[in-house]
Each structure stands twice: as structure tokens, then as C-alpha cells.
1. Quickly run through the stretch 1-23 and pick out the residues that are surrounded by fewer than 17 Cβ atoms within 10 Å (Cβ to Cβ), within 13 Å of the chain's Cα centre (by Cα) and under 14 Å from residue 73 (Cβ atoms).
2. In the stretch 9-50, what count of residues is obtained for those that are part of a loop (DSSP other than H, G, I, E, B) and in contact with a helix residue (DSSP H, G or I) (Cβ under 7 Å, 6 or more places away or on another chain)?
3. Let me spell it out: the conditions are (1) assigned to a strand (DSSP E or B); (2) within 16 Å of the ligand (Cβ to nearest atom), and residue 87 meets all of them except one. Which number is the exception?
4. Given the structure, is residue 93 under 10 Å from the mean Cα position of the chain (by Cα), away from the ligand (no atom under 13 Å from the Cβ) and either assigned to a strand (DSSP E or B) or within 14 Å of residue 30 (Cα to Cα) (or both)?
5. Give the residues of the stretch 52-77 that are near the ligand (Cβ under 10 Å from one of its atoms), surrounded by fewer than 19 Cβ atoms within 10 Å (Cβ to Cβ) and farther than 22 Å from residue 15 by Cβ, sorted by residue number.
6. Considering only the stretch 24-45, I want to know if a residue exists there that is more than 22 Å from residue 98 (Cβ to Cβ), within 16 Å of the ligand (Cβ to nearest atom) and surrounded by fewer than 15 Cβ atoms within 10 Å (Cβ to Cβ).
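Values in this text are rule-based calculations from the coordinates and carry no lab data. Treat the numbers as computed from the prediction; the structure is a model and nothing was measured. Cβ placement follows ideal geometry from the backbone for every residue including glycine, while neighbour counts extend to all protein chains displayed.
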Ligand code: FES
């Protein structure tokens, strides 16, 4: 599967413990700068419709603003109800101070 890296922000603009939402190729993605590093996940909760970047980031726990489901930013797994389906995750890296997210190319 091929990947395409998308530059989304300067790393300095997202301090540790913060997150930011981006639309990348029509996909809603949240980029988290957690205490364990950078992670990128789908920005729409798997329970109903809420944008995760409007919630809270506590350590590696990403908490939905609507009903409080929580997910592990490292692998998208569910840590707390009411969600039961994990969030998709994407590779993220910092190159020359810029945060980049890799999404599968549309052909995949
Ligand atoms: S929409 Fe996220 S927990 Fe309900």
C-alpha cells in the first residue's frame, strides 16, 4: 500500500498535551502531541458524531466531547464507553520542525 505524507502544521504550534484538527484530502484527522509523542487519528468519534479535537487529551487518553468515550491515542483502541469501535490511526512524523501525516493514497 502506498502512502502520501501531508504537511499539516509547524510542530511548535501544537505544544505537548495539545491537539489540533485538520482536513486532509477530505478526511477529518486529529493530530495529538501526547507525552509519548505524536499520533494522528480519525477526528470523528466512532460512537455518534463529534469531533475529537474539541474534547480533551489527558496523557495518552483522548476523550470525546459529546458522551465522554475515550480512546488510546497510540493505537486508537477504546478505553472507555460508550464507544465500542476503535478510531483509525495514521502514521505521523516530524520533519524539519513540520508535522506530517501519512494517509493511504486514494487508489488503495
Ligand atoms: S459521540 Fe463520542 S462518545 Fe458519543
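1. Those that are surrounded by fewer than 17 Cβ atoms within 10 Å (Cβ to Cβ), within 13 Å of the chain's Cα centre (by Cα) and under 14 Å from residue 73 (Cβ atoms): 17, 18, 20, 21.
2. Going through the stretch 9-50, the residues part of a loop (DSSP other than H, G, I, E, B) turn out to be 14-17, 25-26, 35-36, 43, 45-50.
Filter once more, keeping what is in contact with a helix residue (DSSP H, G or I) (Cβ under 7 Å, 6 or more places away or on another chain): 43, 45.
The qualifying residues number 2.
3. Single failed check for residue 87: (1).
4. Numbers: under 10 Å from the mean Cα position of the chain (by Cα): no; away from the ligand (no atom under 13 Å from the Cβ): yes; either assigned to a strand (DSSP E or B) or within 14 Å of residue 30 (Cα to Cα) (or both): yes.
Spelling it out, it is not the case that residue 93 is under 10 Å from the mean Cα position of the chain (by Cα), away from the ligand (no atom under 13 Å from the Cβ) and either assigned to a strand (DSSP E or B) or within 14 Å of residue 30 (Cα to Cα) (or both).
5. Once the filter is applied, which keeps residues that are near the ligand (Cβ under 10 Å from one of its atoms), surrounded by fewer than 19 Cβ atoms within 10 Å (Cβ to Cβ) and farther than 22 Å from residue 15 by Cβ, the stretch 52-77 yields 66, 67, 68.
6. Restricting attention to the stretch 24-45, the residues satisfying the condition of being more than 22 Å from residue 98 (Cβ to Cβ) are 44-45.
If we keep only those that are within 16 Å of the ligand (Cβ to nearest atom) too, we end up with 44-45.
Add one more test, that the residue is surrounded by fewer than 15 Cβ atoms within 10 Å (Cβ to Cβ), and what stays is none.
Looking through the stretch 24-45, none of the residues is more than 22 Å from residue 98 (Cβ to Cβ), within 16 Å of the ligand (Cβ to nearest atom) and surrounded by fewer than 15 Cβ atoms within 10 Å (Cβ to Cβ).
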